[in-house]
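Take a look at the structure set out below.
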Amino acid sequence: MSWPLLFLIFLGLSLGSGLCILHPQVPLRSIRIHIGMLALAPIAALLGLIFSKGDYFLGALHFDSLSWLWSLFVLTIGLIVQRYCVHYLLGDKSYRKYFALLTITTSADALAWLSDDVRLLFIGWGLTLFCLTVLIGLRKEWKVAQHAAKVSRGYLLASLLALGLALFWLAYSTGEWRLSTILTPDTLGLLTGYEKTGINLLLLVSALIPAAQWPTHRWLLDSVVTPTPISAVMHAGIVNAGSIMLARFSPLFNGDLAQIILLVIAGLSVLIGTGIMLVQVDYKRQLVGSTIAQMGFMLVQCALGAYLAAITHAVLHGLFKSTLFLQAGSAAKAKAPVTSKTQAASVIWTVAGGALGTLIGLGLWLTAKGEGYQLISALLLGWSIALAWAQLVAAHPTATGKIAGFFLLVAGGLVFKVVHTLFYNILQGTIDSDFHQPFILSIIVLVVLLVAIVCGTWLIRRNNKLSFALYLWLVRLGEPKKRLAESHPNYLAQLLTKEGNYQ
């Protein structure tokens, strides 16, 4: 039996067990059996990724290294989230529905990007977005959740319509429905420049909205009213699906005007998302602001032709951010008092970390092959090392804590290097990585980001009217509207009143 067939059988079993849970006569303890069923499909995807060689077509499905990896990623996060929900959502009256909908969402997401037929891709992705909006508004008695679901439904429907128009236009112009046939040089040669740009702009819209890029970021900010497991599963190939979408269509997307437009919008979203993260006091909104910025970086990588880096970024960020959402309930931490002596020592260690990050980033750039995006990657790596050093080493007042933090930082760096190399070896040859934007474009992006960071820091320290205006603008961008926020859980009080009257 082939790995693709075994994978589909296991995926069908998990879907069947998820639907069985909906029946009220099925005991709740069978959810643990369902969790066991969920583990089978990701295991099959992992084995398929390791042992399958080359491309394999099964009907309208296309199994290659990218689709195996994406299915493994999506279904693994779905498994972790549902295992977490066993206790977290216990007592919720929609308890059974959560498991069924989460199973359908992740399964449809995996099948969408396994599809070689554009019609199946549209159906799978549409089912994914539909189930997500249902999950956001599953608490029918809570008006805030219903408003958030309505907002999300409008944005995601626009994204789906844009994708549908792009796929139909592409199929109509080429006379083909199979991606493996459409994305060949001969078939793409049938498209005029106008058609190519129009289709790419539609694909751009369909990728930007789920990624919550400005000015379509509102739906993701409003979705924080959902239970944290739902926020976590959004990172299972939904908000970060832009990377695989643009990677799949890279033969069509490369070298088009749409890439420059993407670069501008994504770069602006990086700055706005970072600003929202810094000014927000709500932990989940901080995480959403971080996601907006990270998805911006991911799409900048796509705009520069670095699809391998974008896929790696999407997978690692999805795993990391899902973990943070599941830990949202334990975000509050006690802080020890900071003395002037401790603060001075911390500044010295922070400066040392900045120097270390600069040296490592410079070393990466000097040893790279010379692609333009490597300059931005070097900057990000150096910045990440400096931040990690500040958190893991400089922040500890004791020598023991600093040593432990240093070894933890080294271990994290080694893991990153191994994972990055592994992903590169797996995806090499699957994604079109021959196209790269001109080097000068990467320089411009780098300069803009650095100037924006320097100007933002200067404004914050000036404490003038302009800095106050910028701060308030960012707060307003991240704050919910009145109908999407409650100071007290009024719907719970209403439920208790109804139950009391009923009894």
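The values are calculated or read from the model by the stated rules, or taken from the named source; none is laboratory data. Everything numeric here is computed off the predicted structure, so don't read it as measured data. Don't worry about glycine lacking a Cβ; one is built from the backbone with ideal geometry, like all the others, and counts go over all protein chains shown. Surface areas here come from the heavy atoms of the whole protein model, side chains and all, with no ligands, DNA or RNA. Shrake-Rupley method; radii C 1.70, N 1.55, O 1.52, S 1.80 Å.
One line per residue, one yes/no per condition, for (1) in contact (Cβ under 8 Å) with a residue 60 or more places away in the chain; (2) in a helix (DSSP H, G or I); (3) under 22 Å from the mean Cα position of the chain (by Cα):
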position	(1), (2), (3)
Ala386	no, yes, no
Pro397	yes, no, no
Thr400	no, yes, no
Gly405	no, yes, no
Leu408	no, yes, no
Gly412	no, yes, yes
Val418	no, yes, yes
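Can you confirm whether region 178-197 contains a residue that is at pLDDT 90 or above and farther than 24 Å from Leu257 by Cα?
no
In region 38-48, how many residues are more than 14 Å from Val74 (Cα to Cα) and either at pLDDT 90 or above or surrounded by fewer than 21 Cβ atoms within 10 Å (Cβ to Cβ) (or both)?
Residues that pass the stated criteria total 1.
Starting from residues that are of a type in the set (Ser, Thr, Tyr) and part of a helix (DSSP H, G or I), keep the ones in region 180-204 and report whichever is least open to solvent (accessible area, probe 1.4 Å). If you could, list the steps in order and put the result at the bottom.
From region 180-204, those of a type in the set (Ser, Thr, Tyr) are 180-181, 184, 187, 192, 194, 197; that's our starting set.
Next cut, part of a helix (DSSP H, G or I) only: 180-181, 187, 194, 197.
Working: Ser180: 53, Thr181: 50, Thr187: 18, Tyr194: 171, Thr197: 35 Å².
By that ranking, first place goes to Thr187.
Filter region 205-233 down to the residues that are open to solvent by less than 10 Å² (accessible area, probe 1.4 Å) and free of Cβ contacts under 8 Å to residues at least 12 places away in the same chain and list them by number.
Selection gives nothing.
May I ask you to say which residue of Trp142, Trp177 is in contact with a strand residue (DSSP E or B) (Cβ under 8 Å, 6 or more places away or on another chain) and open to solvent by 30 Å² or more (accessible area, probe 1.4 Å)?
Exactly one residue qualifies, and that residue is Trp177.
Would you point out which residue out of Leu157, Leu138 is in a helix (DSSP H, G or I) and farther than 24 Å from Thr192 by Cα?
Testing whether each residue is in a helix (DSSP H, G or I) and farther than 24 Å from Thr192 by Cα leaves just Leu157.
Among the listed residues Leu58, Leu28, identify the single one that is farther than 28 Å from Thr181 by Cα and hydrophobic (A, V, I, L, M, F, W, C).
Criteria check complete, one pass: Leu28.
Restricting attention to region 145-161, report how many residues are open to solvent by 10 Å² or more (accessible area, probe 1.4 Å) and hydrophobic (A, V, I, L, M, F, W, C).
Counting residues in region 145-161 that are open to solvent by 10 Å² or more (accessible area, probe 1.4 Å) and hydrophobic (A, V, I, L, M, F, W, C) gives 5.
Considering each residue of region 21-36, count those that are part of a helix (DSSP H, G or I), open to solvent by less than 60 Å² (accessible area, probe 1.4 Å) and in contact with a Phe, Trp or Tyr (Cβ under 8 Å, 6 or more places away or on another chain), and give that number.
2
Do any helices (runs of 4 or more DSSP H) lying entirely in region 234-334 carry at least 2 residues that are open to solvent by 30 Å² or more (accessible area, probe 1.4 Å), and which ones are they?
On the way: elements: 241-248, 250-253, 257-279, 283-303, 307-326.
Correct list: 257-279, 283-303, 307-326.
Residue by residue through region 110-126, note down the ones that are farther than 18 Å from Leu220 by Cα and touching a helix residue (DSSP H, G or I) at 6+ places or on another chain (Cβ under 7 Å).
Start the filter on region 110-126 by keeping residues that are farther than 18 Å from Leu220 by Cα, which leaves 110-124.
Residues satisfying the conditions are Ala110, Leu111, Ala112, Trp113, Leu114, Ser115, Asp116, Val118, Leu121, Phe122, Gly124.
Would you pick out the residues in region 339-358 that are under 32 Å from the mean Cα position of the chain (by Cα) and either acidic (Asp, Glu) or modelled with pLDDT under 50 (or both)?
None - no residue of region 339-358 is under 32 Å from the mean Cα position of the chain (by Cα) and either acidic (Asp, Glu) or modelled with pLDDT under 50 (or both), so the list stays empty.
If the requirement is being open to solvent by 10 Å² or more (accessible area, probe 1.4 Å) and acidic (Asp, Glu), which of these qualifies: Asp64, Asp92, Asp109?
None of the other options fit; the residue is Asp92.
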